[in-house]
Amino acid sequence: MECSPAALRLSAVVPAPFGAVGIATTDAFITEIVFLPPGTPMRTPANPLAERAFRQIEHYLADPDAPFSLPLQSCGSAFRRRVWQAIAAIPRGETRRYGELARAVGSAARAVGQACGDNPFPLVIPCHRVIGADGPGGFAHDRGGYLLDIKRWLLAHEAPRPFSDHSP
């Protein structure tokens, strides 16, 4: 099954340090999560599932170790689902290069990049953790602008923190 249609109806918009995060739902599933540009106004959740997703995204934005537990609508080809599963296995604070991920799923880096860009559930499936051979790479099919700024913010947000022992 393909992912949600282009005419996205948002059930909630979460304010974020980099802009906003839109959430689309049915009564039973998250159908899409999208990054929205700075200046996008908050939208209160329209249903209980949107409220749950709203709160989990808020917690993640405050603490990169906050877990997600959301029912995601199954969509995408078998290949895309395999790539998204491999992305979801990348631990916080780590990254993988497109080529590494491609080798892991038995594909080409370009195909992995396309699947990353088509990811309907960023944050939950952390595609920002997939980077290029010589830099951050693209993000959500974009090579610049606010989307690449979001990728940089997310990587910095999740970066390992140095250990601090405050004992004397």
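The values are calculated or read from the model by the stated rules, or taken from the named source; none is laboratory data. Just so it is clear, the structure is predicted and the values come from calculations on it, not from any experiment. Don't worry about glycine lacking a Cβ; one is built from the backbone with ideal geometry, like all the others, and counts go over all protein chains shown. Side chains included, ligands, DNA and RNA excluded: accessible areas come from the protein's heavy atoms. Shrake-Rupley method; radii C 1.70, N 1.55, O 1.52, S 1.80 Å.
Residue check: is Val124 touching a residue at least 24 places away in the same chain (Cβ under 8 Å) and either at positive phi or in a loop (DSSP other than H, G, I, E, B) (or both)? Considered against the rule, which asks whether it is touching a residue at least 24 places away in the same chain (Cβ under 8 Å) and either at positive phi or in a loop (DSSP other than H, G, I, E, B) (or both), Val124 comes out as yes.
Per-residue answers, yes or no, for (1) modelled with pLDDT of 95 or more; (2) closer than 14 Å to Pro122 by Cα; (3) aliphatic (A, V, I, L, M):
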residue: Arg43; (1), (2), (3): yes, no, no
residue: Ala46; (1), (2), (3): yes, no, yes
residue: Ser69; (1), (2), (3): yes, yes, no
residue: Ile87; (1), (2), (3): yes, yes, yes
residue: Arg92; (1), (2), (3): no, yes, no
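Within the stretch 47-71, the set of residues being farther than 27 Å from Pro160 by Cβ and open to solvent by less than 80 Å² (accessible area, probe 1.4 Å) comprises Asn47, Leu49, Ala50, Glu51, Phe54, Pro71. Any chance you could count how many residues in the stretch 16-30 are in contact (Cβ under 8 Å) with a residue 24 or more places away in the chain and either crowded, with 23+ Cβ neighbours inside 10 Å or over 17 Å from Ser69 (Cβ atoms) (or both)? Final tally of qualifying residues: 9. On the basis of being over 17 Å from Ala133 (Cα atoms), open to solvent by 70 Å² or more (accessible area, probe 1.4 Å) and of a type in the set (D, E, K, R), does Asp118 make the cut? In short, no. Any residue at all in the stretch 143-152 that is among the aromatic types (Phe, Trp, Tyr), in contact with a strand residue (DSSP E or B) (Cβ under 7 Å, 6 or more places away or on another chain), modelled with pLDDT of 95 or more and under 28 Å from Ala53 (Cα atoms)? Within the stretch 143-152, none of the residues are among the aromatic types (Phe, Trp, Tyr), in contact with a strand residue (DSSP E or B) (Cβ under 7 Å, 6 or more places away or on another chain), modelled with pLDDT of 95 or more and under 28 Å from Ala53 (Cα atoms). Checking the stretch 159-167 against the condition returns no match, with no residue being open to solvent by less than 10 Å² (accessible area, probe 1.4 Å) and either modelled with pLDDT under 80 or in contact with a strand residue (DSSP E or B) (Cβ under 6 Å, 6 or more places away or on another chain) (or both).
So that you can scan it fast, the table gives a plain yes or no per residue for (1) touching a Ser or Thr at 6+ places or on another chain (Cβ under 8 Å); (2) surrounded by 15 or more Cβ atoms within 10 Å (Cβ to Cβ):
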| position | (1), (2) |
| --- | --- |
| Ser11 | yes, yes |
| Val14 | no, yes |
| Pro38 | no, no |
| Thr44 | no, no |
| Ala88 | no, yes |
| Thr95 | no, yes |
| Ala109 | no, yes |
| Gly113 | no, yes |
